[in-house]
Amino acid sequence: MENIAQNMAALRRRIGEASQKAGRDPESVRLIAVSKFKTESDVRVALGAGQRVFGENRVQEAKEKFKVLRADYPDLELHLIGPLQTNKVDDAVRLFDVIETLDRPKLAEALAQAIKKLGRAPRLYVQVNIGTEPQKAGVAVADLKSFLLFCREVCGLTISGLMCIPPQAEDPESYFKQMKLLADQQALPHLSMGMSSDFEKAIACGATHVRVGTALFGERV
Ligand SMILES: *Cc1c(COP(=O)(O)O)cnc(C)c1O
């Protein structure tokens, strides 16, 4: 049995220490509790320990899990951190406060339409394929500037951050540093990077949001 409350306390301490070491205000780093594959009652334990920001990678799963939780906790903040298909855009815009995985023009157009139609505007981050991996989602670094221009000028979207998942088998530090540079160049205030195994490094490199699942909720089955 995973002790989520205890894990939460340990995580907060580690985030505080990493922030301090980097000369940053711990308040400038948000923990996104990644609850994919975990149950509503796991999420409730985290909520009981004061956690309010959660990340899910599937629209349907999040919709079911957070239906009641949303009503019980009006200050809950939900991030979509997995790929978004255009046919799920309406649901995603209704449900999420932040969509971190905007990664192609078709999706930008669909999001702009849904936001206009539904009158609800989640914050949007652009996912960057920082390791230039052919199988991975995300905008290529070389295309980022023009993609942001397309989102803003053509679709009328406001983009507030960048997100990445660096290559798995490599030291992520140089990728994190590149991401920070890109975010600064584009004047984007939010930077979502770092998971259970590397969030301290991500904080050192300037992450404003770290996405932690396993270190909080235990292994996923
Ligand atoms: C699952 C997932 C995480 C959390 O990973 P852990 O290693 O369990 O902390 C973070 N980001 C994304 C995009 C994920 O899909």
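At a glance:
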{"item": "Total residues in the range 151-171, condition within 17 Å of the chain's Cα centre (by Cα) and surrounded by 19 or more Cβ atoms within 10 Å (Cβ to Cβ)", "result": "7"}
{"item": "Any hit, the range 152-171, residues being of a type outside the set (A, V, I, L, M), more than 11 Å from the ligand (Cβ to nearest atom), free of Cβ contacts under 8 Å to residues at least 12 places away in the same chain and not in a loop (DSSP other than H, G, I, E, B)", "result": "yes"}
{"item": "Filtered residues of the range 132-151 (kept if free of Cβ contacts under 8 Å to residues at least 40 places away in the same chain and either outside any loop (DSSP other than H, G, I, E, B) or closer than 26 Å to residue 115 by Cα (or both))", "result": "138, 139, 140, 142, 143, 146, 148, 149"}
{"item": "Residue match in the range 50-64 (condition: exposed (fewer than 15 other Cβ atoms within 10 Å of the Cβ) and within 21 Å of residue 220 (Cβ to Cβ))", "result": "yes"}
{"item": "Residue in the range 23-31 that is away from the ligand (no atom under 16 Å from the Cβ), without any contact (Cβ under 8 Å) to a residue 24 or more places away in the chain and in a loop (DSSP other than H, G, I, E, B) present", "result": "yes"}
{"item": "Matching residues in the range 201-213 - criterion: being more than 15 Å from the chain's Cα centre (by Cα) and either at pLDDT below 95 or closer than 14 Å to residue 32 by Cα (or both)", "result": "none"}
{"item": "Unmet criterion (only one of (1) more than 30 Å from residue 87 (Cβ to Cβ); (2) surrounded by fewer than 16 Cβ atoms within 10 Å (Cβ to Cβ); (3) touching a helix residue (DSSP H, G or I) at 6+ places or on another chain (Cβ under 7 Å)) for residue 40", "result": "(1)"}
{"item": "Number of positions in the range 32-67 that are within 13 Å of the ligand (Cβ to nearest atom), basic (Lys, Arg) and free of Cβ contacts under 8 Å to residues at least 60 places away in the same chain", "result": "1"}
{"item": "Residue match in the range 187-198 (condition: of a type in the set (S, T, N, Q), under 28 Å from residue 2 (Cα atoms), near the ligand (Cβ under 9 Å from one of its atoms) and touching a helix residue (DSSP H, G or I) at 6+ places or on another chain (Cβ under 7 Å))", "result": "yes"}
{"item": "Which listed residue is of a type in the set (Gly, Ala, Ser) and in contact with a Pro (Cβ under 6 Å, 6 or more places away or on another chain), from 131, 82", "result": "131"}
{"item": "Those residues of the range 11-22 which are surrounded by 13 or more Cβ atoms within 10 Å (Cβ to Cβ) and either within 16 Å of the ligand (Cβ to nearest atom) or not in a loop (DSSP other than H, G, I, E, B) (or both), in sequence order", "result": "11, 12, 14, 15, 16, 17, 18, 19"}
{"item": "Answer from 162, 182 - the residue that is among the hydrophobic types (A, V, I, L, M, F, W, C) and closer than 19 Å to residue 106 by Cα", "result": "162"}
{"item": "Count of residues meeting criterion [free of Cβ contacts under 8 Å to residues at least 60 places away in the same chain, within 18 Å of residue 139 (Cα to Cα) and not in a helix (DSSP H, G or I)] in the range 68-89", "result": "5"}
{"item": "Where a residue in the range 90-113 is closer than 13 Å to residue 59 by Cβ and of a type in the set (Phe, Trp, Tyr) and its partner, wherever it lies, is away from the ligand (no atom under 15 Å from the Cβ) and part of a loop (DSSP other than H, G, I, E, B), with Cβ under 8 Å and at least six apart", "result": "96/122"}
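The values are calculated or read from the model by the stated rules, or taken from the named source; none is laboratory data. Quick caveat, the model's predicted, so the values are computed rather than measured. Neighbour counts are summed over all protein chains in view; Cβ atoms, including those assigned to glycine, are modelled from backbone coordinates with ideal geometry.
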